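Here is the structure we will look at.
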Amino acid sequence: MKKILLLIFITCSFALAQNVKPETLIRKVKENFAKVKDYEVDAHIHINVDFLKVPETDAKIYFKQPDKVKLSSSQFAMIPSEGLNFSPMSFFKGNYSAVFVRNENYTGFNTAVIKIVPLDDDKDIILSTVWIDMDYFIVRKTEITTKSKGTYALLLNYDVGKTKYYLPVSMTFLFDVKTDNLHGKFGNNKDTDKNGQKKKSMKGSASITYSNYKVNKGIPDSIFKDDKKK
Amino acid sequence: MFTIISIELYKIFRKLRTYISFGTIGLLGILILIAMLVEGKGYIDMATHKLKDSFSFVGNFLNGYLIGYLVLNTLTIHIPFLITLVAGDMLAGEATAGTYRLLLSRPVSRSNVLASKFIAGLIFTFLLIFFLAFVSLGLGLIVFGTGELIVFRPENLVILTSNDVLWRFLLAYLFAFLSMSVITALAFLFSSLVENAIGPIVATMAVVIVFLILANLDFGFLKYLKPYLFTNYMTTWNTLFDNPVDFSEFIKACRILALHVAGLYGVTWFLFRKRDILT
């Protein structure tokens, strides 16, 4: 009897799995985020990396569709480059192949796990795994493996129901980057070999808390031009 | 006592060699400022280009604090030499000029003469460090303004916000004064032993250079010798630019250097009191 039940469960799971079309989920996620034409948000950033001691900072982040993003602060602010833009559009850019992997209860939310393999050779991203909330069609988690920057993950928290747009209230950015010495010109280069090829692992995390979203208020393109201070 | 110190200060600042020290520091500061005005952006870009691969950041890293920090790094070798030029001459100079006996025959005790000369030497050292702070940090802030201080270390990279830097510099300059006071005390001791100022200057620099070389040799018994070399503590001001600051190490270094100043002056006083003055 147990064997029959198990067989029925596996068959049903497989059948259900086949019913979830990753393209449909991705389209719904894109449609959801496309409602946000632009936003301006205050960000409180805390970076936690062993050999990088930086203070907690406050900054303003500007975003404009499709992929314009800008970090701005009257003082010092720092954020992992890949954590600056949480737009799902960046994961679903260009040619890719999407495969549904499984359903997963991720931190209490019903999610579909989808693997995305870019088909363009020139892409730095090798593989992305995305946890898509099946109820709200928002990205709850993303794990990305790249050719040059190691692996990183974005864990997104939302205040669903309290805001009109599904934008995260906080994000945890985890990274494990293979890098050579960050010291640039006048650093100690003991960790690199003669060819500068030996790289060390830089594990760390960044917690970003977002507040005071101003969505679709219209942001001029001039905001995204590089200033000299950067 | 105040009068004797004033006289000793007058003697110091009447000599041309005193201004060599100030002139050298002024020139160094101005040259670094000009270099930073011309090449500063490229220097910062070069230093942070690998950081930019992984992080996006905004801030002004080319600022007066960076100039002050870079110049402070010259403290170990270059500034001691400028101090010995004056401190090494303070007693030996009297012998060379033949004014020792005249000076000591006045109704002022040998101890007071020695103390006034040493205090004058310390005041000179303080003024030199203050001048160093002015031409590097002061002019740097005037020309480049404030910003974040980026500190590269072998083991990590520290970024300090602009409102968290000034107190560190204040303590670092006070520490620099203390560590340079050891050089003053050492040159003063050598100066009390000979009758020509060249000897104390060369001997003091020889001690500093030999100690620095020994501290950098990491083998055999030499590594056990390190804690006993005062030069090993002269760079402890660097810990002030860590986050958080290891104050126990800083205070330990302060104590050791202060003991060196007191010890070296004590030996000078002991020898000078018993010395037979023949010139």
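Any idea which residue in segment B:157-179 is nearest to the other protein chains (Cβ to nearest Cβ), counting only those that are over 23 Å from the mean Cα position of the chain (by Cα) and open to solvent by 10 Å² or more (accessible area, probe 1.4 Å)?
B:T161
With the checklist (1) in contact (Cβ under 8 Å) with a residue 12 or more places away in the chain; (2) outside any loop (DSSP other than H, G, I, E, B); (3) surrounded by fewer than 20 Cβ atoms within 10 Å (Cβ to Cβ) in hand, flag the one item B:G29 doesn't pass.
Here B:G29 clears every test but (3).
Just need a number here: residues in segment B:51-70 that are of a type outside the set (S, T, N, Q), over 29 Å from the mean Cα position of the chain (by Cα) and open to solvent by less than 40 Å² (accessible area, probe 1.4 Å).
Total satisfying the criteria: 5.
Return the pair list, or none, for Cβ contacts closer than 6 Å from residues in segment A:122-140 that are more than 17 Å from A:E23 (Cβ to Cβ) and touching a residue at least 12 places away in the same chain (Cβ under 8 Å) to residues that are among the acidic types (D, E) and open to solvent by less than 50 Å² (accessible area, probe 1.4 Å), at least 6 apart or on different chains.
A:R140/A:D133
Could you please tell me which pairs satisfy a Cβ distance under 7 Å, a separation of 6+ or placement on different chains, a first residue in segment A:82-101 that is without any contact (Cβ under 8 Å) to a residue 40 or more places away in the chain, and a second residue that is hydroxyl-bearing (S, T, Y)?
A:L84/B:S56
Where in segment A:35-106 are there strands (runs of 3 or more DSSP E), lying fully within it, with 1 or more residues that are at the interface with chain B (Cβ under 9 Å from one of its Cβ atoms)?
Details: elements: A:38-49, A:57-64, A:68-72, A:77-80, A:96-106.
The qualifying strands (runs of 3 or more DSSP E) are A:38-49, A:57-64, A:68-72, A:77-80.
Scan segment B:251-266 and report the pairs whose first residue is touching a residue at least 24 places away in the same chain (Cβ under 8 Å) and whose second residue is in a helix (DSSP H, G or I) and open to solvent by 30 Å² or more (accessible area, probe 1.4 Å), with Cβ atoms within less than 6 Å and a gap of 6+ or a chain change.
B:L257/B:L178
Which of the residues belonging to segment B:219-238 are among the polar types (S, T, N, Q) and open to solvent by 20 Å² or more (accessible area, probe 1.4 Å)? Full working, then the answer.
Taking segment B:219-238 and keeping what is among the polar types (S, T, N, Q), we get B:231-232, B:235-236, B:238.
Answer for segment B:219-238, where residues must be among the polar types (S, T, N, Q) and open to solvent by 20 Å² or more (accessible area, probe 1.4 Å): B:N232, B:T235, B:N238.
Select the helices (runs of 4 or more DSSP H) contained entirely in segment B:37-121, then report the ones holding at least 1 residues which are among the polar types (S, T, N, Q), in contact (Cβ under 8 Å) with a residue 40 or more places away in the chain and within 23 Å of B:V182 (Cβ to Cβ).
Answer list for segment B:37-121: B:78-87.
The values are calculated or read from the model by the stated rules, or taken from the named source; none is laboratory data. Quick caveat: nothing in here was measured; it's all calculated off a predicted structure. Backbone-built Cβ (ideal geometry, glycine too); neighbour counts: all protein chains shown. Ligands, DNA and RNA are excluded from the accessible area calculation, which covers all protein heavy atoms including side chains. Shrake-Rupley method; radii C 1.70, N 1.55, O 1.52, S 1.80 Å.
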